[in-house]
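Quick note: the coordinates plus some simple rules give every number you see, no bench work behind them. Since the structure is predicted, the reported quantities are computational estimates derived from the model, not experimental observations. Cβ: placed from backbone, ideal geometry, glycine included. Neighbour counts: every protein chain shown.
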Amino acid sequence: MTMKAIAIIPARIGSTRLPRKVLREIAGKTMLERVVTAALGCKQLASVIVATDSEEIMSVCRARGWDARMTSAECRSGTDRVHEVAQTVAADVYVNVQGDEPLAKSEHLDALLGPMLADKSRPGEKDHVEVATIATPCQPEDIANPNAVKVVTDALGRALYFSRATIPFDRDGLIAKNGPRVIEYKKHLGFYAYRKDALERFCQWPEASLERAERLEQLRFLQNGIEIHVAMTPYDTIGVDTEEDLKRVEAIIRAREK
């Protein structure tokens with residue numbers, strides 16, 4: 001049986017640090033257009049849906065012919081917005097593509113869906129992949145940067161922990177002595193794929209203590225015993241939260257276009 005995967009792009013209009021950010025232009029295209037285009041380019045997705053709380057964003061989607069759903073303004077996170085759409089749209093796997101990732105590529109989504117597509121087990125079995133995400137080799141300047149989330153994994157690619165701290169900690173200075181290949185730092189990228197049951201449970205659980213401390217919602221899965229499979233990709237991204245992020249991404253895009 002073919003697995004049906006759909007992408008849902010949470011796109012809220014309000015943002016404390018960068019108001020209306022998903023509608024801000026970056027090198028001639030809105031941030032949202034860049035994310036939608038990347039998702040539509042992934043051939044493994046059956047459909048792409050924008051989930052928003054804004055009539056303005058809905059109007060933009062209608063004008064562009066994009067599928068969009070209005071979701072509650074009470075949604076606390078993008079995951080809650082994905083969950084709301086999942087109540088009315090049937091799929092085997094729901095892909096959460098944040099609306100503030102203008103450097104997203106279809107290759108990110110191909111890598112993300114890899115663990116799900118490779119999983120031949122049945123729901124409920126021990127090795128069934130319930131949640132997947134992606135990571136990329138961490139650049140030296142981001143190893144100590146708390147805004148670049150690091151992840152450590154086991155030998156099978158399952159997340160052991162996510163943190164804003166530098167993990168693993170280089171206690172004996174192996175990197176300084178022998179170079180960065182001795183310890184591989186992985187930067188987590190905020191793309192997720194969930195089975196519906198895992199998504200349902202996530203939204204039923206209260207905020208976890210580790211999640212609250214790190215401000216990383218994926219820790220709710222780990223603290224409640226749900227494994228997260230981490231696929232690797234060579235393509236880094238920059239989530240846009242500030243005006244400085246916006247300028248940095250625009251410079252990258254313009255450099256690529258040249």
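To check you understand DSSP bridge types, tell me what percent of the beta bridges within the chain (both residues inside) are antiparallel, rounded to 5.
Roughly 50 percent of the beta bridges in the chain run antiparallel, per DSSP.
State, to one decimal in nm, how far the label point of Lys4 lies from the label point of Tyr161, with both points 7 Å from Cα in the Cβ direction.
The answer from the label model is 4.1 nm.
As a test of the formula, what do you get for the chain when each DSSP H run with n ≥ 4 contributes -39,500 (n - 2.57) and the sum is divided by the residue count, at 222 nm and rounded to the nearest 500 deg cm²/dmol? If you can, show how the numbers build up before the last one.
Values: 9 runs with 82 residues, N = 258.
It comes out at -9000 deg cm²/dmol, rounded to the nearest 500.
Quick one, can you get me the convex hull of the C-alpha atoms of segment 106-236 expressed as volume per residue in Å³? Provide the component values of the computation, followed by the final result.
Numbers: hull volume 15.2 nm³, N = 131.
Taking only Cα atoms, segment 106-236 has a hull volume of 116 Å³ per residue.
If we count other beta carbons within 10 Å of each Cβ, what is the order of Lys21, Lys187, fewest first?
Ascending number of Cβ neighbours within 10 Å: Lys187, Lys21.
Label-point separation (nm) for Glu25 and Lys43, each offset 7 Å from Cα along Cα-to-Cβ?
The modelled label-to-label distance comes out at 3.4 nm.
Using alpha carbon centroids, what distance separates segment 9-24 and segment 201-218, in Å?
Between the Cα centres of segment 9-24 and segment 201-218 lies a distance of 22 Å.
Starting with the fewest neighbours, write out Asp80, Asp92 ranked by other beta-carbon atoms found within 10 Å of each beta-carbon.
Asp92, Asp80
Using the per-residue mean of other Cβ atoms lying within 10 Å as a proxy for protection, in what order, highest first, do the peptides 189-198, 155-164 fall?
Ranked by mean Cβ neighbours within 10 Å, highest first: 189-198, 155-164.
With springs only between Cα atoms under 10 Å, which of Pro19, Pro206, Pro137 fluctuates most in a Gaussian network model of the chain?
In the Gaussian network model the winner is Pro206.
Lysine pairs in segment 106-236 with alpha-carbon atoms under 23 Å apart, 8 or more places apart or on different chains: how many are there?
Total qualifying Lys-Lys pairs in segment 106-236 comes to 7.
Taking a virtual spin label 7 Å from the Cα of Glu55 along the C-beta vector, which residues in segment 1-32 bring their backbone nitrogen under 18 Å of it?
12-14, 20
Can you work out the base-10 log of I(q)/I(0) for segment 1-104 at q = 0.10, 0.11, 0.20 1/Å, using the Debye formula on its C-alpha atoms alone?
Summing over Cα pairs of segment 1-104 leads to -0.25, -0.30, -1.00.
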